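The values are calculated or read from the model by the stated rules, or taken from the named source; none is laboratory data. Model, not experiment: these values are computed from the prediction. Don't worry about glycine lacking a Cβ; one is built from the backbone with ideal geometry, like all the others, and counts go over all protein chains shown. When the accessible area is computed, the model is the full protein with side chains, heavy atoms only, and any ligands, DNA or RNA have been set aside. Shrake-Rupley method; radii C 1.70, N 1.55, O 1.52, S 1.80 Å.
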Amino acid sequence: MKRNIVIATVAAAALIGGGTAAFATGGDDDSAANRSSVQLKDHDRKDDARDDDGKDDDRDDRKDDRDDAAENTAEAKAAKVTAADAIKAALARTSGTAVSAELDDEDGGLVWDVDVLKGSTWHTVEVDPGTGKVLGSWTDKDDDGDDAADAARVNSALKGASTSAADAARAAADKGTVTSVDLDDDGKAGAWDVETTGPRGAEADWHVGLTNGKVTADRSDSHDDHDDNDGSDD
């Protein structure tokens, strides 16, 4: 489950500036968010310029698809630290249960965002995908004030689970580069939702069972692009 948090804009501002910023929300972690070692080119300006010309045709759509695939490939290749290792680094900084990990572009700087639940308190830990270094960690406050309800739902979903978020990332790694792991606590799947990127930038979605670690294709959220490593059922 990916959470919308109040601190997100502050974290982004710190990463944009390339400096450090102290975070204290609720009196928990005081830590610094540093600039990621992985900096990527910004594709947004090019896309915006094309959108502003008033043309909307299949050629532009195909170009957009190629740009998206190229960007996905670049991000996946730049992430030398795997999702499982990012989760391990995050839990070494902040103990608890990892509920999600996502490879995220923070205004050109690539980071692993890892959500950790400890009791009923939520934490976010940012990990450098190039070095494995923890860039920052802080206590989250959900902007809707649903922290306790979210924690109760997650704890209920994970009751009896033998497959962790890191286990799920490792299980799905042979499908491609894992770019996100997220607990499906809203549905009845009883699984981790894992997204992978193939060698040509195609994205695919997978379920990894909470109790058996089995990897199956997520047909409810398929992507348009497929390559040799994506879309296979094991």
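Output the number of the condition that Asp56 fails; it satisfies all remaining conditions of (1) in a loop (DSSP other than H, G, I, E, B); (2) modelled with pLDDT of 95 or more.
The single condition Asp56 does not satisfy is (2).
I want to confirm something. Restricting to region 85-102 and keeping residues that are assigned to a helix (DSSP H, G or I) and open to solvent by 10 Å² or more (accessible area, probe 1.4 Å), which single residue is nearest to Ala171 (Cα to Cα)? Lay out the reasoning, then the answer.
First, pick out the residues of region 85-102 that are assigned to a helix (DSSP H, G or I): 85-93.
Still in the list and also open to solvent by 10 Å² or more (accessible area, probe 1.4 Å): 85, 88-89, 91-93.
Details: Asp85: 13, Lys88: 15, Ala89: 18, Leu91: 19, Ala92: 21, Arg93: 24 Å.
Among those that are assigned to a helix (DSSP H, G or I) and open to solvent by 10 Å² or more (accessible area, probe 1.4 Å), it is Asp85.
Within region 197-207, count every residue that is crowded, with 24+ Cβ neighbours inside 10 Å and within 17 Å of Ala165 (Cα to Cα).
Counting residues in region 197-207 that are crowded, with 24+ Cβ neighbours inside 10 Å and within 17 Å of Ala165 (Cα to Cα) gives 1.
Please verify whether Trp138 is in a strand (DSSP E or B) and without any contact (Cβ under 8 Å) to a residue 40 or more places away in the chain, treating the condition exactly as stated.
Values: in a strand (DSSP E or B): yes; without any contact (Cβ under 8 Å) to a residue 40 or more places away in the chain: no.
No.
Just give me the residues in region 84-118 being among the β-branched types (Val, Ile, Thr) and more than 11 Å from Ser137 (Cβ to Cβ), in sequence order.
Residues satisfying the conditions are Ile87, Thr97, Val99, Val111.
For residues in region 186-203 being in contact with a His (Cβ under 6 Å, 6 or more places away or on another chain) and modelled with pLDDT of 90 or more, which is nearest to Ser100 (Cα to Cα)?
Going through region 186-203, the residues in contact with a His (Cβ under 6 Å, 6 or more places away or on another chain) turn out to be 189, 191, 202-203.
Add one more test, that the residue is modelled with pLDDT of 90 or more, and what stays is 191, 202-203.
Numbers: Ala191: 12, Ala202: 21, Glu203: 18 Å.
So the residue we want is Ala191.
If you check every pair at least six apart or on different chains, which have Cβ atoms under 8 Å apart with a residue in region 154-172 that is in contact (Cβ under 8 Å) with a residue 60 or more places away in the chain and under 13 Å from Val116 (Cβ atoms) first and a residue that is open to solvent by 30 Å² or more (accessible area, probe 1.4 Å) and assigned to a helix (DSSP H, G or I) second?
From region 154-172, the pairs are Ala166/Lys88.
Exactly one of (1) farther than 27 Å from Val81 by Cα; (2) open to solvent by less than 30 Å² (accessible area, probe 1.4 Å) is unmet by Pro129. Its number?
Single failed check for Pro129: (1).
If I go through region 213-225 residue by residue, how many of them are modelled with pLDDT under 95, assigned to a loop (DSSP other than H, G, I, E, B) and not acidic (Asp, Glu)?
2
What are the residues in region 148-185 that are charged (D, E, K, R), open to solvent by 30 Å² or more (accessible area, probe 1.4 Å), assigned to a helix (DSSP H, G or I) and under 15 Å from Thr97 (Cα atoms), if any?
Across region 148-185, the qualifying residues are Arg153, Asp167.
Looking at (1) open to solvent by 10 Å² or more (accessible area, probe 1.4 Å); (2) closer than 16 Å to Ser37 by Cα; (3) at pLDDT below 95, which is the one condition that is false for Ser120?
Here Ser120 meets the rest and fails (2).
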